[in-house]
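One structure below.
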Amino acid sequence: MPLLGLLPRRAWAALLSQLLRPPCASCTGAVRCQSQVAEAVLTSQLKAHQEKPNFIIKIPKGTRDLSPQHMVVREKILDLVISCFKRHGAKGMDTPAFELKETLTEKYGEDSGLMYDLKDQGGELLSLRYDLTVPFARYLAMNKVKKMKRYHVGKVWRRESPSIVQGRYREFCQCDFDIAGQFDPMIPDAECLKIMCEILSGLQLGDFLIKMAWKDVRHEMVAKKGLAPEVADRIGDYVQCHGGVSLVEQMFQDPRLSQNKQALEGLEDLKLLFEYLNLFGIAEKISFDLSLARGLDYYTGVIYEAVLLQTPTQAGEEPLNVGSVAAGGRYDGLVGMFDPKGHKVPCVGLSIGVERIFYIVEQRMKTKGEKVRTTETQVFVATPQKNFLQERLKLITELWDAGIKAEMLYKNNPKLLTQLHYCESTGIPLVVIIGEQELKEGIIKIRSVASREEVAIKRENLVAEIQKRLSES
């Protein structure tokens, strides 16, 4: 009997005590029936499992389960984000959850120590992906793609100290949008900022501000434009005031800057960016900030992050301190790190902090006591009488085949009150009722759960009537 070989030693005593019981009535002599032996084995395994010391059911640190209520909110957030990405012409893609370790190392600076390494399997050293940007750059180089506008939604893993109260986890979801390719200056950058504004406005999280890091702007002016460091620092004096397009205009009026060719080129790029942002209607949402710094090594140009502006908390609300809710920037050299000949593909992109946004929305719903409907069922098929399971199955099949979301109770003879209570508790708007009288007259009753009003219609008009009511609701 193979099952016996699976039992730990401490389970043998329990098993033997079961087998030594008197045989059942249908057995003779010392021969045991198969059911009795199987019962003994299962009982022994259960006892052995129950004897495990200090066994606690829990999830790993820095992770979370998502209940059906959580998933409804999460899917609404993701739907809004993805629809915005698609509106701007992005194509969806995915990459493996793990990469070769050498693909990911030396791309994140000091954060490389936070990667999750996997045990050697099949001769390959692997790591779980740390973000979605490096795998995208690897994909571009490997497939020799020179131009692409893509979005990617997926999980990433970081072995850092989690802070659940601020929406920080070790396993979390990222939503990325990137534009790869050689284009005229600042147009893709401006569109990324526009997308960030559209998403944060659509989510109705409150007022926000997108900050641009002066440190990286200064580096680009000095390294790429050849601007003297002291002139760049002069521009930095203005940036300390925090501002946007008006600040750029103010710098143009400074003779020490306007008479410097390299300074003018750098200012022209900034001016061009803010002209586009103004045309997009988002210039007032953008501000330079000397204090902003991003930890990832692959950024090469302007970087930015969006923060929610603190507003006075309402009664019962706790202050939400979640940091940035979106971030991005330019990384022109990352693809070249994977290309054997070092060919570069300029890239700019953004990432939406879904977990932090979800945390904010979740906390606000708790404060307001909002309830979440976890299903999208539109119609419930009910009966007030016994022995009508077949008729209910016929009805619900007709609804499903018409694309209508429908449910019924998995009981032969459910009570009508139980069925109606289920509809009220789950928020199902319509009930179709069939009984002996309805079957005899060739009609169906449609009941509005909210108003409790019932109307009788011909059976053949059921689908059309329901579709009409759903389109009006």
Once you put a point 7 Å from the Cα of ASP94 and another 7 Å from the Cα of ARG159, both along the Cβ direction, what distance in nm separates them? 2.6
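Below 10 angstrom from the Cβ of ARG234, what's the summed charge of the other residues (Lys, Arg +1; Asp, Glu -1)?
Details: positive: ARG256; negative: GLU230, ASP233, ASP237, ASP254.
Taking every other residue near ARG234 into account, the sum is -3.
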Once the whole set of protein chains is in place, how much accessible area is left on LEU104, using a 1.4 Å probe, in Å² to the nearest 10? 0
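Local charge sum around VAL345 (other residues, Cβ-Cβ under 9 Å, Lys/Arg +1, Asp/Glu -1)?
On the way: positive: LYS146, LYS147, LYS344; negative: ASP332, ASP339.
Neighbour charge sum, excluding VAL345 itself: +1.
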To the nearest 10 square angstrom, how much accessible area does PHE183 have with a 1.4 angstrom probe? 90
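Would you mind counting up the charge near GLU465? Only other residues with Cβ under 12 Å from its Cβ, with Lys and Arg at +1 and Asp and Glu at -1.
Working: positive: LYS445, LYS458, ARG459, LYS468, ARG469; negative: GLU460, GLU472.
So the environment of GLU465 carries a net charge of +3.
In debye to the nearest 20, how big a dipole does region 379-472 give about its Cα centre with +1 on each Lys and Arg Cβ and -1 on each Asp and Glu Cβ? Could the numbers behind the result be given before it?
Numbers: 14 positive and 13 negative charges, 42 e Å.
So the magnitude is around 200 debye.
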Ignoring ligands, DNA and RNA, what percent of the 1.4 Å accessible area of region 379-472 is carbon and sulfur? 50
Highest mean first, how do 271-281, 409-419 rank when packing is the count of other Cβ atoms within 10 Å averaged over residues? 271-281, 409-419
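Ranked by accessible surface with a 1.4 Å probe, highest first, in what order do LYS394, LYS119 come?
Working: LYS394 115, LYS119 170 Å².
These residues rank, largest area first, as LYS119, LYS394.
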Heavy atoms of the protein only, probe of 1.4 Å, neighbouring chains included. What is the accessible area of GLU284 in Å², nearest 10? 130
Calculate, axis by axis, the spread of Cα positions in region 379-472 along the three principal axes, and write the results as whole Å, longest axis first. 33, 30, 24
What's the ranking of 400-406, 441-447 by average number of surrounding C-beta atoms within 10 Å, highest first? 441-447, 400-406
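The values are calculated or read from the model by the stated rules, or taken from the named source; none is laboratory data. What you see is a predicted model, and the numbers here were worked out from it, not measured in a lab. Cβ sites come from the backbone with ideal geometry, for glycine too, and all protein chains shown count toward neighbours. When the accessible area is computed, the model is the full protein with side chains, heavy atoms only, and any ligands, DNA or RNA have been set aside. Shrake-Rupley method; radii C 1.70, N 1.55, O 1.52, S 1.80 Å.
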